[in-house]
Amino acid sequence: MAKPTRWVTDTGPEHSQWYIDRFRRLAAEGADLAGEARLIDALVAPGSRVLDAGCGTGRVAAALALRGHTVVGVDADPMLIEAAGATYPGPRWLVADLAELDLAAADEPEPFDAAVVAGNVMTFVAAGTEADVLRRVAAHLRPDGIVAVGFGTDRGYPLSAFDEDSAAAGLRREHRFATWDLRPWREESDFAVTLLRRPAE
């Protein structure tokens, strides 16, 4: 990996285990952890190929797999990928830096119908690599493929910068919402879910 992610530089060594434990606890308590997956499922055809970029502990990828999609989950943190594989058999789990993503080298050459970048992933990638991340995700989409990106608007990555980076990556913005359940976007919203599309060639 060219640069350490902010997941590494901005948190302590115990953070990954805390994150794993947190989502296992939420799942055990019956929390709704599939909101992002429901949205993606509504956007794509049955049996689509979906990339979960920055998959963390795998909750979104697993929910999509249960809905019949072929899912590949990718994260830079080996501990999170190990936890995902232990908790959710089914999707393929890979350790990779999103800024250098090359799934063809990992025997996943087929393009994806959609990608999801949830859980504040864009605010945890290495500073200065945001455009590279979006470019590499876009490169793995088929023409007319869609990507859904969600992150907090108060986490150091302005939406204006994100819009510039996504346009530079060749992605066209179609919609923006304040939540994964599609509540209307307002300037004062503290979270943004943006739907981007790779134009058809």
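Checked against (1) farther than 18 Å from Thr129 by Cα; (2) open to solvent by 50 Å² or more (accessible area, probe 1.4 Å), Ile20 meets all criteria but (2).
Please tell me if Val44 is surrounded by 23 or more Cβ atoms within 10 Å (Cβ to Cβ) and in contact with a strand residue (DSSP E or B) (Cβ under 8 Å, 6 or more places away or on another chain). Step through it out loud before you land on a result.
Details: surrounded by 23 or more Cβ atoms within 10 Å (Cβ to Cβ): no; in contact with a strand residue (DSSP E or B) (Cβ under 8 Å, 6 or more places away or on another chain): yes.
Spelling it out, it is not the case that Val44 is surrounded by 23 or more Cβ atoms within 10 Å (Cβ to Cβ) and in contact with a strand residue (DSSP E or B) (Cβ under 8 Å, 6 or more places away or on another chain).
When Ala65, Ala76 are checked against the criterion of being closer than 20 Å to Arg142 by Cβ and open to solvent by 20 Å² or more (accessible area, probe 1.4 Å), Ala65 stands alone in meeting it. Just a yes or no: is a residue in segment 103-117 open to solvent by less than 50 Å² (accessible area, probe 1.4 Å), of a type in the set (Val, Ile, Thr) and not in a strand (DSSP E or B)? Looking for residues that are open to solvent by less than 50 Å² (accessible area, probe 1.4 Å), of a type in the set (Val, Ile, Thr) and not in a strand (DSSP E or B), one finds none in segment 103-117, hence no. Does any residue of segment 79-90 turn out to be open to solvent by 40 Å² or more (accessible area, probe 1.4 Å), free of Cβ contacts under 8 Å to residues at least 60 places away in the same chain and of a type in the set (Val, Ile, Thr)? Looking through segment 79-90, none of the residues is open to solvent by 40 Å² or more (accessible area, probe 1.4 Å), free of Cβ contacts under 8 Å to residues at least 60 places away in the same chain and of a type in the set (Val, Ile, Thr). Restricting attention to segment 127-136 and to residues that are without any contact (Cβ under 8 Å) to a residue 60 or more places away in the chain and open to solvent by 30 Å² or more (accessible area, probe 1.4 Å), the residue that is nearest to Asp52 (Cα to Cα) turns out to be Arg136. What do you reckon, is Val60 closer than 13 Å to Ala115 by Cα, β-branched (Val, Ile, Thr) and free of Cβ contacts under 8 Å to residues at least 40 places away in the same chain? No, not satisfied.
Could we say that Ala96 is touching a strand residue (DSSP E or B) at 6+ places or on another chain (Cβ under 9 Å) and buried (at least 18 other Cβ atoms within 10 Å of the Cβ) here?
Numbers: touching a strand residue (DSSP E or B) at 6+ places or on another chain (Cβ under 9 Å): yes; buried (at least 18 other Cβ atoms within 10 Å of the Cβ): yes.
The answer is yes for Ala96.
Being basic (Lys, Arg) and surrounded by fewer than 14 Cβ atoms within 10 Å (Cβ to Cβ) is the filter here; which residues of segment 137-172 pass it? Break it down stepwise before answering.
Residues of segment 137-172 that are basic (Lys, Arg), as a first pass: 142, 155, 172.
Correct list: Arg172 only.
Take the conditions surrounded by fewer than 21 Cβ atoms within 10 Å (Cβ to Cβ) and touching a helix residue (DSSP H, G or I) at 6+ places or on another chain (Cβ under 7 Å) and apply them to Asp190. Does it pass? So Asp190 does not fit the description; no. Exactly one residue out of Leu103, Leu134 is within 14 Å of Ser166 (Cα to Cα) and at pLDDT 95 or above: that is Leu134. Residues in segment 11-65 that are acidic (Asp, Glu), at pLDDT below 95 and not in a helix (DSSP H, G or I): Glu14, Glu29, Asp32.
The values are calculated or read from the model by the stated rules, or taken from the named source; none is laboratory data. What you see is a predicted model, and the numbers here were worked out from it, not measured in a lab. Backbone-built Cβ (ideal geometry, glycine too); neighbour counts: all protein chains shown. Heavy atoms of the whole protein, side chains included, go into the accessibility calculation; ligands, DNA and RNA do not. Shrake-Rupley method; radii C 1.70, N 1.55, O 1.52, S 1.80 Å.
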